[in-house]
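Only one structure is covered here, and it is reproduced in the block below.
The values are calculated or read from the model by the stated rules, or taken from the named source; none is laboratory data. Predicted model, so just to flag it, every value in this text is computed and none were measured. Note that each Cβ is placed from the backbone with ideal geometry, even for glycine, and that neighbours are counted across all protein chains shown. When the accessible area is computed, the model is the full protein with side chains, heavy atoms only, and any ligands, DNA or RNA have been set aside. Shrake-Rupley method; radii C 1.70, N 1.55, O 1.52, S 1.80 Å.
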Amino acid sequence: MRKFIAAILLLSFGLMGMDTNVHTVAAETHDDDKRDLPGLVDKTEKREEFVYGVNAYNGTLYQGVFHPPSVDTVYLLADTINIISPRKTLIYYWAVTNEYKADFDSMNEDLPGTLEIRLNGNLVLTVEPTDYVIQYPEGITQGAAEVYLGGAAQRKYGEWEEALKAYRLDVSEYYEASRNWRTELTDRVQSGEVTSEDDVLVSQPMRPADFLYSSTKVFRGVPLKLPSGQYDIQMRNDEGKIVADSVKKLVVFQSDRVGVGYTVIPEDKWTTPEQTYNPEEMLYVRSNNTLYLEPFFESEYNEQYFTHLEAPQAPNFVNSDWKWVKEENFKISGSSRWRRSGDAADVTFIGERRPGRHINDEGIAYDMQIIERSMIQDSIEFEDYMVRQNPGKALGYEILEAMEGLSQGMRDRAPDFSAFQIIVRRSLQDLDVNLQGDDGVILGGSGRTVDVVRRTGSTNLFLASILPVALGIVMVGYRRYSLKVHREKLASASIENS
Amino acid sequence: MSDTSKIYKQIQTAITIHKRDFRITVFGPIIYIMSTISITIGIVIIRNYLSYIESNGLYPMPDLFSFPYRWVIILTGVYLAFSAVVAIARERESGAMELLFYGPVDNVSYVIGKYSAQLTVYCLLIILYLICFFIISNIAGVQIPASFFMMMLLSLFTGAYLISVGVFVSTISKSVRSATLVFLTLIASTLLIQASQAWLSNIAPESDYYNPVLLLQQLLGWVQVVLTWLSPFSYLNYGVNEMLRGNMVAFLRVVGLSFVFCMTFIVSSIIGLKIRGVRQ
């Protein structure tokens, strides 16, 4: 007992010791000296500090973040261009969001010098800041980001400015034409020349397509494209000295797995879909159900790394897990009979095959392959769907194929979603689904099992718990019976002996 | 006496102890009551999932049986380890152990005999649970994926590790009371820390920027880091999660580590019994 009490005391001392460490961990999320404690300083007090501004690629777009001196590690994705911009700026603590903010409007000085990158203590790379621009020719979140460096940055920014000017001119012309058209239409209506709806539609001016082409200004920064690993970085100024607060760890990481996730839309509640991220995950479904599977591309990252890539001042996790990150949606291919305005005609995919960023680079379209009882069924095509609200006050809607929606007069609308439709009938056995290219190759990480769960009462399920009870009765009963027989034998033997 | 005949005698003795303990367990009612309770808890969890699927229409998850099975097997493992604790400590306290050691029994045969009896019961219970899950699978129309069998394999090793901890605690304890107290404290604290950590990490912060349970999360997180390397429950959870992620290297590592820890605790129990002695 004394030893047990001693063990408890030892554990308590251990926890007290651990508590000291925990305070240190918590302090790291703020800053490391007294003047930075939020309660002790003016909340809007600004001070000049060295920071790293980082344009970090997150698999979909470039995320602009900054790393104040209190953050000791920079996280970046491997094998993609990321920009690190050494800056001198004013930072202040913002209590509302519990983090440091940078006032780049008041001070935003580029620091001349070179960024040194070390791996295991050895200098592996020295890079000087250069001009850069980040552009999204198809629009942010719509297509791939492009980074231009040096002279190309100025040229591309110039092209973007020209395109913007041209767009503004088009818009101006459109408004002018619209005004004229309305005036003319009013005159024609008054004079009785307009006899049908078509007369109005044909002559209506066309609005220019939205200007999706997006660009940053030309900034200066250090472009880095590194393989995954744990590096150290520091900024050396023109005088050959290390800039204060510029020494940080640099963690360059890559996705652990890539795959295809699905947004699963049940027909009876299309506004509350479920997501399935894990490849080879089971989709447990009720029978007599219609599901729409909307694929998207995804990558799995170390949660700690990815969270700090997007939010460098987030608290550290002690136990880091894995995190699936949704990337681009699977878009309908160019060969489809339907194309929405503003959508790029491409289908992006990731998986075991990763030849290019866009599936249309190869011209492959994908259908959903269905396997039931090891038999391949008819493939399902990727279709556009429209949702039509029922007229009247009562709630209700129906999901229609886009072509059907068009035929029913929903001309002025784009489809609400694009997906593969799976009808789960009562008789249906479990299904294996995956995406198959028209070249016959299955898209890696796209497989799921649709498990049709039977409607069953609790009583039936609890039948299984009778098994141990029955076994127990048999075993204990047998033991008692054999003991009884044994005792009887002993008793009869003793009677015979006596 | 030659080494070979000594080992042969030890094996014979261990088999005798194994048979005796095995018979006591399987012909007694407690193991069936416990396994019924365990499987009932598992069924309640499954029923909960099925109700959700029925009302929601769908539920994407890696394996519907994974979580219920883990609960069932953890309860079973804890019970068997606890019964090993009580059996050994009681034999010492009552003087039966001393009596046995006057005969051919020594610390090696005693520990191995006691341990293997519990392990055999554990293996048989895994088979019983497999049959129960097959029945449930047929009733509910839920597929048993291949990962379920891998999880069963892993649970065999983590359960073996847990039982070896129970044997170790009892061999070095003075009385039934102290052995029970130490073992239950160890198990309860491990499970409590693991459950609290999972619960705290799932608490949605009231504010996007301030987390009122950050310190607790980090404290329990550090304890959990230590437990991840020691606790059989953490091994089971980690191994299953990594297996479901397709990381078979991590899965095999967990199997290997469970086996190594199991052997370590059995050897420690043998040494512990020798040092501690058989008298009360």
Notebook entry, point to check: What's the buried accessible area, both sides, between B and A using a 1.4 Å probe, rounded to 100 Å²?
Noted result: 5300 Å²
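About its Cα centre, what dipole magnitude does chain B give when the only charges are +1 on Lys and Arg Cβ and -1 on Asp and Glu Cβ, stated in debye to the nearest 20? Don't skip to the answer; put the middle values down first.
Numbers: 17 positive and 11 negative charges, 199 e Å.
Taking the Cα centre of chain B as origin, the dipole is about 960 debye.
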Next item on the list: Quick one: grab the alpha carbon gyration tensor of the protein assembly as shown, order the square roots of its eigenvalues as a ≥ b ≥ c, and give me rounded if a/c is under 1.5, else prolate or oblate depending on whether a/b is larger than b/c.
Entry: oblate
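Let's test the formula: R0 of 60 Å, r as the Cβ-Cβ distance of residue A:271 and residue A:496. What FRET efficiency results, to the nearest 0.05?
Working: r = 86 Å, r/R0 = 1.43.
Between residue A:271 and residue A:496 the formula returns 0.10.
Rounded, prolate or oblate for the stretch A:202-323? Axes are the square roots of the Cα gyration tensor eigenvalues, ordered a ≥ b ≥ c, and the cut-off for rounded is a/c under 1.5. List each step's numbers first, then the result.
Numbers: a/c = 3.50, a/b = 1.48, b/c = 2.37.
Verdict is oblate for the stretch A:202-323.
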Note to self: Over chain B, with the other protein chains present, what is the accessible area per residue in square angstrom, probe 1.4 angstrom?
What the structure shows: 45 Å²
Checklist line | Along chain B, longest interval not containing exposed chymotrypsin sites (Phe, Trp or Tyr not before Pro), exposed being DSSP loop plus at most 13 other Cβ atoms within 10 Å | finding: B:1-208
Note to self: What do you get for trypsin sites (Lys or Arg not before Pro) in the stretch A:422-454 restricted to DSSP loop and a cutoff of at most 13 other Cβ within 10 Å of the site's Cβ?
What the structure shows: A:425, A:426
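How large is the helix-only mean residue ellipticity at 222 nm for chain B, computed as the sum of -39500 (n - 2.57) over DSSP H runs with n ≥ 4, divided by its residue count, in deg cm²/dmol to the nearest 500? Don't jump to the answer; show the numbers that get you there.
Numbers: 10 runs with 234 residues, N = 280.
Theoretical 222 nm ellipticity from helices: -29500 deg cm²/dmol.
Kindly state, to the nearest 0.05, the FRET efficiency for residue A:249 paired with residue A:210, given R0 = 45 Å and r defined as their beta-carbon distance. Present the calculation step by step, with values, prior to reporting the outcome.
On the way: r = 42 Å, r/R0 = 0.93.
Efficiency at R0 = 45 Å is approximately 0.60.
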Checklist line | In Å², nearest 10: area of residue B:3 left accessible to a 1.4 Å probe | finding: 120 Å²
Next item on the list: On a 0 to 90° scale, report how tilted helix B:66-94 is relative to the longest principal axis of chain B, with both axes built from alpha carbons and the result rounded to the nearest 10.
Entry: 20 degrees
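Give the relative contact order (percent, whole number) for the stretch B:3-276; include only Cα pairs under 8 Å separated by 6+ residues. Please list the in-between numbers first.
Details: 275 pairs, mean separation 69.6, N = 274.
RCO, the stretch B:3-276: 25 percent.
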Notebook entry, point to check: For labels at residue A:454 and residue B:8 in the simple 7 Å Cα→Cβ model, what's the distance in nm?
Noted result: 5.6 nm
Next item on the list: Using label points projected 7 Å from each Cα along Cα→Cβ, tell me how many nm separate residue B:195 and residue A:119, to one decimal.
Entry: 4.8 nm
Next item on the list: Would you jot down the residues in the stretch B:43-60 that end up with at least 20 Å² less accessible area in the complete protein assembly than in the chain alone, with a 1.4 Å probe?
Entry: B:43, B:47, B:50, B:53, B:54, B:56, B:57, B:58, B:59, B:60
Next item on the list: Sticking with the crude label model, points 7 Å out along Cα→Cβ, report the distance from residue B:61 to residue A:488 in nm, one decimal please.
Entry: 5.1 nm
Margin query: Helix B:214-230 against the longest principal axis of chain B: what's the angle in degrees, Cα atoms only, rounded to the nearest 10?
Written below: 40 degrees
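Please state the charge dipole magnitude for the protein assembly as shown, taken about the Cα centre, from unit charges on C-beta atoms (+1 on K and R, -1 on D and E), reported in debye and rounded to the nearest 20. Write out the running numbers ahead of the final one.
Values: 70 positive and 87 negative charges, 1151 e Å.
The calculation lands at about 5540 debye.
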Next item on the list: Report the calculated FRET efficiency for residue A:438 and residue A:376 (r = Cβ-Cβ distance, R0 = 22 Å), to the nearest 0.05.
Entry: 0.90
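Could you order A:487, A:413 so the one with the most accessible surface comes first? Probe is 1.4 Å. Before the final figure, lay out each step's value.
On the way: A:487 155, A:413 80 Å².
Ranked list, largest accessible area first: A:487, A:413.
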